[in-house]
Amino acid sequence: MTPVLDREEYIEQAYFFRVLRDRLLENLPTQQVLTSLHQEILSTTTLPLAVQFVGTELKHSGLLSSGFAKLPHYFTPFQTLVIRKTEDELGRFSVDTGLLLLQREAEYRSGTPTQPGLFVFALEAMSRNRLGYDEGLVCLQHDGFFAGPWHAYFDFVKKQVGSVDLCNLIYVRSELYLADRRRRDPEFMVTAPALFGEKEGKIARANLGRDPLYLFAALQRQLGYPMVPRQRPKDDPLSQVGLLQAKVRELEQRVKLVEGELRGKVDLSPFLARPDLPADDEG
């Protein structure tokens, strides 16, 4: 069970995820970034030691998530899941989006987070990025921020998600639902406590039968719930940086060929070499 950390830890975590994301977008190697980044983080927190450990694990395993997984007393299982999903070669969850998601989660935790707010944030993250509801909900069960009736609720959601409207899963555990039931049946006995307030219940009921993304957006607008970042579309300019860099390298090679041809010295060896085949022994 990951304990709830001090506020200053989450402030520094948000900084860590933001700076790591910014420098990776500059095409700096992850290991190089981690080597220096721990020195920028407030030394009165535990995060610098955690970053150093993650950097060491990255050298051995080649995976950023390996270090997260071995620090369950500091990084939550959900944080580890997000990082691991960005490293899945078959997935479409980019490290850019993953780090931004973790940054926003840490920023929310550093303020005045609520259990419904953090749950809905994680639920939307699973929905948008196909992180896996079952695995994601198990991760939340091992987060010390959620306790008591939330663990049973996560089991309930795991059984119902996919067959029951997400809006309904929130509405039936809201104070509004209990009020509606008591109004229809004064002898109604509560079997499970409300986990969401009346306002959440109203928004969930208003969105029954609609795309759940409308529910998430309404909760963000009306109640200040944290916003989950969206994956960049393929035609987004920032997503084309790697392609543009490859094109620039190709143009540089073409320019060198033209310059060599003008001088009468054209070297075609880089294009004719077969590095996959061993060179024949001469003689």
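The values are calculated or read from the model by the stated rules, or taken from the named source; none is laboratory data. Keep in mind the model is a prediction, meaning the values are calculated, not measured. Using ideal geometry, Cβ is built from the backbone for each residue, glycine included, and neighbour counts are taken over all protein chains shown. Accessible surface is based on the protein model in full, side chains and every heavy atom, while ligands, DNA and RNA are left aside. Shrake-Rupley method; radii C 1.70, N 1.55, O 1.52, S 1.80 Å.
Could you grab the pairs with beta carbons closer than 9 Å, sequence gap of 6+ or different chains, first residue in segment 13-29 and over 23 Å from THR44 (Cβ atoms), second one not in a helix (DSSP H, G or I)?
Pairs that qualify, where the first residue is over 23 Å from THR44 (Cβ atoms) and the partner is not in a helix (DSSP H, G or I): there are none.
Looking at (1) farther than 18 Å from SER94 by Cα; (2) part of a helix (DSSP H, G or I); (3) among the charged types (D, E, K, R), which is the one condition that is false for GLU40?
Only one criterion in (1) farther than 18 Å from SER94 by Cα; (2) part of a helix (DSSP H, G or I); (3) among the charged types (D, E, K, R) is unmet by GLU40, namely (2).
Within the bounds of segment 178-194, is there any residue that is in contact (Cβ under 8 Å) with a residue 12 or more places away in the chain, in contact with a Phe, Trp or Tyr (Cβ under 7 Å, 6 or more places away or on another chain) and open to solvent by 10 Å² or more (accessible area, probe 1.4 Å)?
No, because not a single residue in segment 178-194 is in contact (Cβ under 8 Å) with a residue 12 or more places away in the chain, in contact with a Phe, Trp or Tyr (Cβ under 7 Å, 6 or more places away or on another chain) and open to solvent by 10 Å² or more (accessible area, probe 1.4 Å).
Of all residues in segment 228-253 being surrounded by 11 or more Cβ atoms within 10 Å (Cβ to Cβ), at pLDDT below 95 and under 25 Å from the mean Cα position of the chain (by Cα), which is nearest to PHE119 (Cα to Cα)?
Here the residue is PRO229.
Would you pick out the residues in segment 132-155 that are of a type in the set (Phe, Trp, Tyr) and either farther than 18 Å from CYS167 by Cα or loosely packed, with under 14 Cβ neighbours inside 10 Å (or both)?
Listed by number, the residues that qualify are PHE145, PHE146.
What residue, among those in segment 1-16 that are under 21 Å from GLN141 (Cα atoms) and of a type in the set (Val, Ile, Thr), is modelled with the lowest pLDDT?
Within segment 1-16, the match that is modelled with the lowest pLDDT is THR2.
Hey, any hits in segment 73-83 for a residue that's crowded, with 18+ Cβ neighbours inside 10 Å, more than 19 Å from GLY136 (Cβ to Cβ) and among the aromatic types (Phe, Trp, Tyr)?
Yes, some residue in segment 73-83 is crowded, with 18+ Cβ neighbours inside 10 Å, more than 19 Å from GLY136 (Cβ to Cβ) and among the aromatic types (Phe, Trp, Tyr).
Out of GLY67, GLY62, GLY91, GLY98, which single residue is closer than 25 Å to LEU34 by Cβ and touching a Gly at 6+ places or on another chain (Cβ under 8 Å)?
After applying the criteria, what remains is GLY67.
Out of PHE75, PHE93, PHE17, report the one residue that is assigned to a helix (DSSP H, G or I) and within 19 Å of the chain's Cα centre (by Cα). Break it down stepwise before answering.
Numbers: PHE75 fails: assigned to a helix (DSSP H, G or I); PHE93 fails: assigned to a helix (DSSP H, G or I).
Residue meeting the stated conditions: PHE17.
If you take the residues in segment 156-172 that are open to solvent by 30 Å² or more (accessible area, probe 1.4 Å) and without any contact (Cβ under 8 Å) to a residue 40 or more places away in the chain, which one is nearest to PRO193 (Cα to Cα)? Walk me through it before giving the result.
Residues of segment 156-172 open to solvent by 30 Å² or more (accessible area, probe 1.4 Å): 156, 158-160, 162-165, 168, 172.
Narrowing further to those that are without any contact (Cβ under 8 Å) to a residue 40 or more places away in the chain: 156, 158-160, 162-164, 172.
On the way: PHE156: 13, LYS158: 18, LYS159: 18, GLN160: 18, GLY162: 23, SER163: 23, VAL164: 20, VAL172: 10 Å.
Top of the filtered list is VAL172.
Restricting to segment 87-131, and then to whatever is open to solvent by less than 10 Å² (accessible area, probe 1.4 Å) and among the charged types (D, E, K, R), can you tell me which residue is farthest from TYR15 (Cα to Cα)?
The first filter runs over segment 87-131 and keeps only residues open to solvent by less than 10 Å² (accessible area, probe 1.4 Å), leaving 97-99, 101-102, 105-106, 117-126, 131.
If we keep only those that are among the charged types (D, E, K, R) too, we end up with 105, 124.
Details: GLU105: 12, GLU124: 23 Å.
Step by step, filter segment 87-131, then rank; the result is GLU124.
Report whether or not LYS59 is of a type in the set (Lys, Arg), surrounded by 20 or more Cβ atoms within 10 Å (Cβ to Cβ) and either assigned to a loop (DSSP other than H, G, I, E, B) or on the phi < 0 side of the Ramachandran plot (or both).
For LYS59, the condition - of a type in the set (Lys, Arg), surrounded by 20 or more Cβ atoms within 10 Å (Cβ to Cβ) and either assigned to a loop (DSSP other than H, G, I, E, B) or on the phi < 0 side of the Ramachandran plot (or both) - is not met.
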